[in-house]
1. Can you tell me which residue in the stretch 40-60 is surrounded by the fewest Cβ atoms within 10 Å (Cβ to Cβ), limited to those that are more than 20 Å from the chain's Cα centre (by Cα) and either within 8 Å of the ligand (Cβ to nearest atom) or without any contact (Cβ under 8 Å) to a residue 40 or more places away in the chain (or both)?
2. Identify, from the list 180, 141, the residue that is away from the ligand (no atom under 13 Å from the Cβ) and farther than 30 Å from residue 49 by Cβ.
3. Scan the stretch 61-84 for residues that are modelled with pLDDT under 90 and within 14 Å of the ligand (Cβ to nearest atom) and jot them down.
4. Quick one: is residue 165 under 18 Å from the mean Cα position of the chain (by Cα) and more than 30 Å from residue 32 (Cβ to Cβ)?
5. Can you confirm whether residue 126 is more than 23 Å from residue 88 (Cβ to Cβ), out of contact with any helix residue (DSSP H, G or I) (no Cβ under 8 Å at 6 or more places or on another chain) and in contact (Cβ under 8 Å) with a residue 60 or more places away in the chain?
6. Pick from 150, 160: which is within 12 Å of the ligand (Cβ to nearest atom), modelled with pLDDT of 95 or more and touching a helix residue (DSSP H, G or I) at 6+ places or on another chain (Cβ under 9 Å)?
7. Given (1) more than 13 Å from the ligand (Cβ to nearest atom); (2) surrounded by fewer than 16 Cβ atoms within 10 Å (Cβ to Cβ); (3) under 20 Å from residue 62 (Cα atoms), identify the lone condition not met by residue 108.
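The values are calculated or read from the model by the stated rules, or taken from the named source; none is laboratory data. Since the structure is predicted, the reported quantities are computational estimates derived from the model, not experimental observations. Positions of Cβ are generated from backbone atoms using ideal geometry, with glycine treated the same way; all protein chains shown enter the neighbour counts.
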Ligand SMILES: Cc1cc2nc3c(=O)[nH]c(=O)nc-3n(C[C@H](O)[C@H](O)[C@H](O)COP(=O)(O)O)c2cc1C
């Protein structure tokens, strides 16, 4: 048995409707890490962890709570985003830049879902406006993958959350843990 003290891992999330929270729970469970909600976290507390995994939902091409990652409270920060668009077909460069972050190692994009019946009024309004201002002005062929995901699911309910999708992130964190153990 490995008697060395386990490196401390915090999984922190900011989620409006629960899909990011679900991924955070799966990740924390798999890594035996502490799970915390963004709003309950203080920066002094963050310094106590060796690895921080942060997950934020995507809202209008912004990452919820991205400032926590941008401030780099810890040397090892792993980020995951959760959005409606299909990560395999989406270019996240602009989204990352908008949040002052860069795409690359330690960044993972997972797919969430949406239930229009549960959206608050502001979000419902934002979605209606987005559709009217940009999507409705184009033909379906002109839409990119993100826009198509938006149109295809507009007004309905979809859930693309997939526990299997966390595997590459878990593997990455384990490689960080190994590096830390050998310091
Ligand atoms: C107002 C609004 C804006 C959104 N903007 C984006 C977006 O820019 N890109 C994307 O992939 N998904 C977008 N989504 C979808 C959410 O990211 C998706 O529902 C995600 O699963 C939400 O995470 P949460 O359940 O943790 O809040 C948006 C949803 C709403 C309601």
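1. That would be 44.
2. Going through 180, 141 in turn, the sole match is 141.
3. 61 - this is the single residue of the stretch 61-84 that is modelled with pLDDT under 90 and within 14 Å of the ligand (Cβ to nearest atom).
4. Answer is no for this residue.
5. yes
6. On inspection, the qualifying residue turns out to be 160.
7. All conditions pass for residue 108, except number (2).
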